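The next block holds one structure in the form of C-alpha cells; read it before the comments.
Every number in this text was worked out from the coordinates using simple rules, so none of it is lab data. This is a predicted model, so every value here is computed, not measured. A quick note on method: Cβ atoms are made from the backbone with ideal geometry, for glycine too, and the neighbour counts reach across all protein chains shown.
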Amino acid sequence: MAQDDSIKLLVVLLGANDPWDFPRPDNPAAPYLKFETPEWEAEYAARVARIAAAADKAGAKIIWLGVPNMKREKLDKQMVYVNGVLARALKDKYPHVLWLETADWLSDNTGQYQDSITVEGEAVRVRSKDGIHFTTQGTAVGCRFYRASFGVPAIICRSFFRHNRAD
C-alpha cells in the first residue's frame, strides 16, 4: 500500500500457519514467545494492529476473514485460539475493518469442519484432502459468497483465493 495508493480494499486471511512460538521482536536472541501465552497474544495482536493501522493510513478498508475450521482436532483447537486473538484485536477497534467468521459458510450447522458444503442443492468439495487448504471449487464458492455479501470485486477475490488453495 505504501507503493500503490490505489489499493482501497484488503481481504486478509492470516493465522493458519501461526500456532507456533516466535522470536521476541525486541530481543531475537531471547527465548521465543510461547504459543498460547499472554506474551504471545500481546505480540500477535500488535502485529495485527500494525496491519490495520497501515491500511487505515492508506485509506483502505479491510475484510478480515477468520481462519476456517481445520480437519485435525489439534490444529482446529489452535485455530479457535488464533481466531479469538484476531477477533479481540480487531472487533470494534477499527471502523475500517470488517471481521468475518469463515465458519458461517464453511462449516456444518454445528460449526464443525466439513470437506464439502451444499451449494444450490449440490455437494461441493471446498477443502483439500489435507483439511487445511481450499480446493479450486472452494475458492470459487468463497468468491461468490464474498462478492454477493460484500461486493468484493471479482479480480480481488480470484487473486486472494488463488494463493490460498491446494487441490
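If I take all pairs of Cα atoms in segment 59-111, what percentage of them are more than 15 Å from each other?
The calculated P(r) of segment 59-111 puts 51 percent of pairs beyond 15 Å.
Students often forget the sequence filter, so: which lysines lie under 19 Å Cα-Cα from Lys91 once same-chain residues fewer than 8 apart are removed?
Filter leaves Lys57, Lys61.
Starting from 0.36 nm per residue, how many nanometres of slack lie between Asp130 and Ala54 once their C-alpha separation is accounted for?
Value of the extension gain: 24.0 nm.
Please give me the summed charge of the neighbours of Pro28: other residues whose Cβ is under 14 Å from its Cβ, Lys and Arg +1, Asp and Glu -1.
-2
Which whole-percent values make up P(r) of the chain when all C-alpha to C-alpha distances are grouped in 10 Å steps starting at zero?
Per 10 Å bin, starting at 0, the Cα pair percentages come out as 10, 35, 36, 17, 2, 0.
Under 19 Å from the Cα of Lys74, which lysines turn up, not counting those fewer than eight places away in the same chain?
Partners found: Lys34, Lys129.
Which net charge results for the neighbourhood of Asp56, defined as the other residues with beta-carbon distances under 14 angstrom from its beta-carbon, given Lys and Arg at +1 and Asp and Glu at -1?
That sum, taken over residues with Cβ under 14 Å, equals +4.
Of the DSSP beta bridges with both residues in the chain, give the percent that are antiparallel, rounding to the nearest 5.
Bridges in the chain are about 45 percent antiparallel.
Kindly write out, for segment 102-108 in residue order, the coupling ³J(HN,Hα) from the Karplus curve 6.51 cos²θ - 1.76 cosθ + 1.60 (θ = phi - 60°), rounded to whole Hz, with x marking Gly and Pro.
Values per residue, Gly and Pro as x: 6, 4, 4, 10, 9, 10, 6 Hz.
Out of residues 5 or more away from Leu33 or on other chains, whose amide H comes under 5 Å of its own, with H placed 1.01 Å from N in the peptide plane?
Long-range HN contacts for Leu33: Phe22, Arg24.
Check Leu9: other-chain or 5+ apart residues with amide H under 5 Å from its amide H, H built from backbone geometry?
Counting only residues 5 or more places away or on other chains, the set is Lys61.
Enumerate the amide H contacts of Ser116 below 5 Å, restricted to partners 5 or more residues apart or on another chain; note that Pro and chain-start residues carry no placed amide H.
Here the answer is Val126, since their amide H atoms fall under 5 Å of that of Ser116.
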